[in-house]
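Okay, so here's the structure we're looking at.
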């Protein structure tokens, strides 16, 4: 188990009724030695763990959510292909002002 996963498991195994956010906000940074922000990819597995979902299966939960989002984006592109149009417009609106890499050769479009 990863070092940072243990505090999350301890927090996630706490029954919802006894969960006190103020205490966990202080406890987690002390346990892992840095601030920790839990987003939806951590909150959903925590709730599922509390509901009895198998610990070893929790890694797949955020992956499923991201896969559903990717499928939705692909469907949207099939129905209304605007990704390349938006990308081209963004590229035209921004002028790069950083240093070019050593072997950089600009395209004929500039």
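The values are calculated or read from the model by the stated rules, or taken from the named source; none is laboratory data. Because the structure is a prediction, the values reported are computed rather than measured. Cβ sites come from the backbone with ideal geometry, for glycine too, and all protein chains shown count toward neighbours.
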Worksheet entry | Total residues in segment 41-62, condition in a helix (DSSP H, G or I) and surrounded by 10 or more Cβ atoms within 10 Å (Cβ to Cβ) | 15
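Let's see how each residue does on (1) farther than 20 Å from residue 38 by Cα; (2) touching a strand residue (DSSP E or B) at 6+ places or on another chain (Cβ under 6 Å); (3) in the same structural domain as residue 44 (by TED's automatic domain parsing); (4) surrounded by fewer than 10 Cβ atoms within 10 Å (Cβ to Cβ):
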{"position": "66", "(1), (2), (3), (4)": "no, no, no, no"}
{"position": "71", "(1), (2), (3), (4)": "yes, no, no, no"}
{"position": "75", "(1), (2), (3), (4)": "yes, no, no, no"}
{"position": "80", "(1), (2), (3), (4)": "yes, no, no, yes"}
{"position": "84", "(1), (2), (3), (4)": "yes, no, no, yes"}
{"position": "88", "(1), (2), (3), (4)": "yes, no, no, no"}
{"position": "99", "(1), (2), (3), (4)": "yes, no, no, yes"}
Item to complete: For residue 35, work out the one condition from (1) assigned to a helix (DSSP H, G or I); (2) modelled with pLDDT under 90 it doesn't fulfil.
Response: (1)
